[in-house]
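Data first, discussion second: the structure below is written as structure tokens.
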Amino acid sequence: MAFTAKILLLGSGELGREFVIAAKRLGAQVIACDAYEGAPAMQLADGFEVFSMLDGEKLRVAIEKHQPDFVVPEIEAIRTEVLAEVEAQGVHVVPSARATILTMNRDRIRDVAAQDLALRTSRYRYAESLEEVLEGAAFTGLPCVIKPVMSSSGKGQSTVREAESLEAAWTYAVANMRGDRQRVIVEEFVAFDYEITLLTIRAKDGVHFCPPIGHRQERGDYQESWQPAAMSAQAIADAQAMARKVVDDLCGYGLFGVEFFVKGEEVIFSELSPRPHDTGMVTLISQDLTEFDLHARAILGLPIPEIALRGASASAVLLADRDSTNFHFEGQAEALTTGESDVALDLRIFAKPSARPYRRMGVTLARAKDTDTARRIAAEAAGKLKIVYAD
């Protein structure tokens, strides 16, 4: 069978699953990798490999075995020095090995943004012990935010308002961090008005932007997102200028999820992921081309058309509340039904083989006359979906 390209996907969660669909629509062959068999993206890919992305030798073996045209990371926790080695040998790492190295850890991308590119960020310090956490909090002041420099889906993040809670926050961060280093970032708590994700596409034909996405988080993980987020023209222009600056510095082609805090008219850089962003799940209903379509097009060197918004839209997540491998879903028909007119509804169930507390198992999607209505309807739909446990 003739494929347009072979892609080795590193990480096979729900974002990888949607990327597989987008890439295969463009004729690509996808080999999905993850630490466990039956991961969401594996179920739809042309092949799969099971190993930890932090196992450098197994990662190298998988790349040598499949000889991909593109290595596409979907997660942060990857043995990035191997990606640098294979890129030097001619393997195309998306968007680049340097980008994956800098963004795998929050400290590296924060230093690039604040020190090299002079972007406005919150005040911050790094800490590798409780003593250094205390020193960092003295520098930033309270309240402050403590989070691992590498984690998954916001795990290990705490907002600390009293000095007595610093030790517990440090312990929680250490228990949920990934990678080799026991390091956290202690950063100033920004009393922002709202936070956004600006999906930024760097492609052969230039840098492109999706309309800003607003989102709400709990425990450092996204719970709902909506598009477009209400912003002034000046705030959008400032966010786009900063996003362009950082993605041009990172180089390579693909979609980047650039996060900002917005306080009044001030836009403050927060974080960046060189891949589709979880808050961008809303684009599955809001845009004519989803963030996954745009990522695939940019990777394959295809032109990016004008990004058209289909209407005010929102997403809301469905979370598990216990450990289980024996469960099923109910309420799909109810979740996709509304008595309101001019509303579009959709959902995605991720088909993860196991549940655990706060694990994201699905998402509901709504498009309506305005974002407030879309948010309400998406949340109501998520409330109608049920996970029924048999163990």
Can you name every residue in segment 367-384 that is surrounded by 22 or more Cβ atoms within 10 Å (Cβ to Cβ), in contact with an Asp or Glu (Cβ under 8 Å, 6 or more places away or on another chain) and not in a helix (DSSP H, G or I)?
A368
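Matching residues to (1) under 18 Å from G280 (Cα atoms); (2) touching a Cys at 6+ places or on another chain (Cβ under 8 Å); (3) buried (at least 22 other Cβ atoms within 10 Å of the Cβ); (4) not assigned by TED's automatic domain parsing to the domain that holds M281:
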position	(1), (2), (3), (4)
T171	no, no, no, yes
N176	no, no, no, yes
Q182	no, no, no, yes
L199	yes, yes, yes, no
R216	yes, no, no, no
Y222	yes, no, yes, no
P228	yes, no, no, no
A233	no, no, no, no
A237	no, no, no, no
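This table checks each residue for (1) in contact (Cβ under 8 Å) with a residue 12 or more places away in the chain; (2) assigned to a loop (DSSP other than H, G, I, E, B).
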| site | (1), (2) |
| --- | --- |
| A39 | yes, yes |
| L59 | yes, no |
| V71 | yes, no |
| G90 | no, yes |
| A99 | yes, no |
| T103 | yes, no |
| R110 | yes, no |
| A113 | yes, no |
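Which members of segment 327-353 meet the condition of being closer than 17 Å to L15 by Cα and in a loop (DSSP other than H, G, I, E, B)?
Residues of segment 327-353 that are closer than 17 Å to L15 by Cα, as a first pass: 346-353.
Hits for segment 327-353 are F350, A351, K352, P353.
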What pairs can you find where one residue is in segment 278-303 and outside the structural domain of Q227 (by TED's automatic domain parsing) and at positive phi, the other is buried (at least 24 other Cβ atoms within 10 Å of the Cβ) and not aliphatic (A, V, I, L, M), and their Cβ atoms are less than 9 Å apart, with a gap of 6+ or different chains?
none
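Quick one: count up the residues across segment 253-276 that are farther than 24 Å from K147 by Cα and either surrounded by 20 or more Cβ atoms within 10 Å (Cβ to Cβ) or outside the structural domain of I213 (by TED's automatic domain parsing) (or both).
Initially, segment 253-276 is screened for residues farther than 24 Å from K147 by Cα, giving 253-255, 264-265.
Subsequent filtering for residues that are either surrounded by 20 or more Cβ atoms within 10 Å (Cβ to Cβ) or outside the structural domain of I213 (by TED's automatic domain parsing) (or both) retains 253-255.
Summing the residues that are farther than 24 Å from K147 by Cα and either surrounded by 20 or more Cβ atoms within 10 Å (Cβ to Cβ) or outside the structural domain of I213 (by TED's automatic domain parsing) (or both) in segment 253-276 gives 3.
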Condition first: touching a residue at least 40 places away in the same chain (Cβ under 8 Å) and within 17 Å of L54 (Cβ to Cβ). Now tell me which residues in segment 26-37 satisfy that.
Y36
Filter segment 45-74 for residues that are within 11 Å of I31 (Cα to Cα) and among the aliphatic types (A, V, I, L, M); which is nearest to the chain's Cα centre (by Cα)?
V72
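Which one of A344, A374, A351, A379 is among the hydrophobic types (A, V, I, L, M, F, W, C) and touching a Pro at 6+ places or on another chain (Cβ under 8 Å)?
Unique residue meeting the criteria: A351.
Criterion first (touching a His at 6+ places or on another chain (Cβ under 9 Å), outside the structural domain of S273 (by TED's automatic domain parsing) and surrounded by fewer than 16 Cβ atoms within 10 Å (Cβ to Cβ)) does G47 satisfy it?
Details: touching a His at 6+ places or on another chain (Cβ under 9 Å): yes; outside the structural domain of S273 (by TED's automatic domain parsing): yes; surrounded by fewer than 16 Cβ atoms within 10 Å (Cβ to Cβ): yes.
Yes: the conditions hold for G47.
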Can you tell me which residue within segment 77-88, out of those that are under 21 Å from the mean Cα position of the chain (by Cα) and in a helix (DSSP H, G or I), is modelled with the lowest pLDDT?
T80
Taking the condition of being part of a helix (DSSP H, G or I) and in contact (Cβ under 8 Å) with a residue 24 or more places away in the chain, how many residues in segment 233-269 meet it?
15
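The values are calculated or read from the model by the stated rules, or taken from the named source; none is laboratory data. Being a predicted model, the structure only gives us computed values, none of them experimental. Don't worry about glycine lacking a Cβ; one is built from the backbone with ideal geometry, like all the others, and counts go over all protein chains shown.
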